[in-house]
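The values are calculated or read from the model by the stated rules, or taken from the named source; none is laboratory data. Source: prediction; values computed, not measured. Glycine also receives a Cβ, built like all others from the backbone with ideal geometry; neighbour counts cover every protein chain displayed.
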Amino acid sequence: MKIEVVDKNGSGILYKLAEAIGASVRGRFVDIPKKLGEGYMTGFTWGNDLRMMIRNYYIKEEIVLERKNEFPEGKENIIFFLSGIFDSSLQQQEHLMAEQPSVSIFMQSVSSVIAMPQNTFFRSITIAASREYLQERFGSLKHPVISNILSPNDTFIYETGISQAIITTASEMIHQPVPESLENHYNKLKCEELLCHIFALLLQREEIPPGSIHIKDIKAIYAIKYHLQANLDKAPDIASLAQDAGMSEPKLRKLFKQTFGKGVFEYYQFMRMQEAARLLKENHLSVSEVGYQLGFTNLSHFSRVFEQYIGLKPKKYSTSNF
């Protein structure tokens, strides 16, 4: 299903999407129709400087939302897309896939096409904030990535992992312990708390001056990311990836690290271990089953790599309470 909407100031997308898919509106909640899936979307708006949308649902049919942006020059928002950050309250089903946990930060114009694959759980929070709002709160932070985000000049996209602090705050937003009369104020505080945690992660990045990135190169870099995700049992071939992307190997390495904060192979290993952790905890596979499924022929090596990225041996992790 393809849906086209016009976004003049960043607001109203939630209800336009609801109308397009035939969803019912329950107060601030938009309930997914049973014929399409299960769950809800909801959102908050605090003036023109800060908005937030929560998605907690799955859909049976692929939806492509194509947004035409029509906002004044220099007034587009910065988007913080936090995916896969909380456990779904919906019943888990084996045929459903989960979003890869991550935080993506980009200019609003970059998000003109949003794909929602079928049979996928969406457990995400999207924050839209004006540069003026972000500058006032985070402008004093000295880091080239943060300076680039707050600058109106260059196109950019950054992605980082999820911290435990982000997971905890997101969970508190889903299971908020305050009465309805206070939820607007409570969620604004939590939204600002999430932004603080995100900027704390950005401060940990290597301080390499970033360069502008073209939309075409963003698509190519993300095509490489999705290729890595789909082939976690095979080590990446940089030369082949560069050829497919239509760029040189040095350019690929530079733009990939600029976007994700990790080199191609390091990012591949990171995703590999995130998937290993998921298979151990959610699918309850044995250590050997997970290791072999992800392409390891030596389980001792798998155990060492897992501990390096996750902090525990896989066997101990599978029986832990977190």
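Going by the conditions given, is PHE265 under 26 Å from the mean Cα position of the chain (by Cα), on the phi < 0 side of the Ramachandran plot and modelled with pLDDT of 95 or more?
On the way: under 26 Å from the mean Cα position of the chain (by Cα): yes; on the phi < 0 side of the Ramachandran plot: yes; modelled with pLDDT of 95 or more: yes.
It is true that PHE265 is under 26 Å from the mean Cα position of the chain (by Cα), on the phi < 0 side of the Ramachandran plot and modelled with pLDDT of 95 or more.
Consider TYR292 carefully, then state whether it is in a helix (DSSP H, G or I), within 30 Å of GLU207 (Cα to Cα), out of contact with any Phe, Trp or Tyr (no Cβ under 7 Å at 6 or more places or on another chain) and of a type in the set (Ser, Thr, Tyr). Before you say what the answer is, go through the steps one by one.
Values: in a helix (DSSP H, G or I): yes; within 30 Å of GLU207 (Cα to Cα): no; out of contact with any Phe, Trp or Tyr (no Cβ under 7 Å at 6 or more places or on another chain): yes; of a type in the set (Ser, Thr, Tyr): yes.
Against the criterion (in a helix (DSSP H, G or I), within 30 Å of GLU207 (Cα to Cα), out of contact with any Phe, Trp or Tyr (no Cβ under 7 Å at 6 or more places or on another chain) and of a type in the set (Ser, Thr, Tyr)), TYR292 does not qualify.
Of the residues in the range 276-286, how many are over 13 Å from VAL305 (Cα atoms) and surrounded by 15 or more Cβ atoms within 10 Å (Cβ to Cβ)? Explain how you work it out, then say what you get.
Within the range 276-286, the subset over 13 Å from VAL305 (Cα atoms) is 278-286.
Then drop every residue that is not surrounded by 15 or more Cβ atoms within 10 Å (Cβ to Cβ), which leaves 278-280, 285.
Counting residues in the range 276-286 that are over 13 Å from VAL305 (Cα atoms) and surrounded by 15 or more Cβ atoms within 10 Å (Cβ to Cβ) gives 4.
Report yes if GLU159 is assigned by TED's automatic domain parsing to the domain that holds LEU82, among the charged types (D, E, K, R) and part of a helix (DSSP H, G or I), otherwise no. Write out each step before concluding.
Numbers: assigned by TED's automatic domain parsing to the domain that holds LEU82: yes; among the charged types (D, E, K, R): yes; part of a helix (DSSP H, G or I): no.
Against the criterion (assigned by TED's automatic domain parsing to the domain that holds LEU82, among the charged types (D, E, K, R) and part of a helix (DSSP H, G or I)), GLU159 does not qualify.
Among (1) surrounded by fewer than 19 Cβ atoms within 10 Å (Cβ to Cβ); (2) closer than 19 Å to ILE79 by Cβ; (3) out of contact with any strand residue (DSSP E or B) (no Cβ under 9 Å at 6 or more places or on another chain); (4) acidic (Asp, Glu), where does ASP217 come up short?
(1)
Any idea which of (1) at pLDDT below 95; (2) within 24 Å of SER104 (Cα to Cα) is the one ASP233 doesn't satisfy?
So the condition that ASP233 fails would be (2).
Only one of these is over 23 Å from PHE29 (Cα atoms), touching a residue at least 60 places away in the same chain (Cβ under 8 Å) and either in contact with a strand residue (DSSP E or B) (Cβ under 8 Å, 6 or more places away or on another chain) or in a loop (DSSP other than H, G, I, E, B) (or both): ILE198, ILE166. Name it. Walk me through it before giving the result.
Values: ILE166 fails: over 23 Å from PHE29 (Cα atoms).
ILE198 is the lone residue from the list that is over 23 Å from PHE29 (Cα atoms), touching a residue at least 60 places away in the same chain (Cβ under 8 Å) and either in contact with a strand residue (DSSP E or B) (Cβ under 8 Å, 6 or more places away or on another chain) or in a loop (DSSP other than H, G, I, E, B) (or both).
Residue by residue through the range 129-162, note down the ones that are more than 16 Å from GLU207 (Cβ to Cβ), charged (D, E, K, R) and surrounded by fewer than 15 Cβ atoms within 10 Å (Cβ to Cβ).
The answer is GLU132, GLU136, ARG137, ASP154.
Name, by its number, the condition in (1) at pLDDT 95 or above; (2) more than 23 Å from PHE122 (Cα to Cα) that does not hold for HIS197.
(2)
Answer yes if at least one residue in the range 185-207 is surrounded by 13 or more Cβ atoms within 10 Å (Cβ to Cβ), in contact with a helix residue (DSSP H, G or I) (Cβ under 6 Å, 6 or more places away or on another chain) and of a type in the set (Lys, Arg), and no otherwise.
Yes, the conditions are met somewhere in the range 185-207.
In the range 228-286, how many residues are without any contact (Cβ under 8 Å) to a residue 40 or more places away in the chain, among the β-branched types (Val, Ile, Thr) and under 24 Å from ALA200 (Cα atoms)?
Summing the residues that are without any contact (Cβ under 8 Å) to a residue 40 or more places away in the chain, among the β-branched types (Val, Ile, Thr) and under 24 Å from ALA200 (Cα atoms) in the range 228-286 gives 0.
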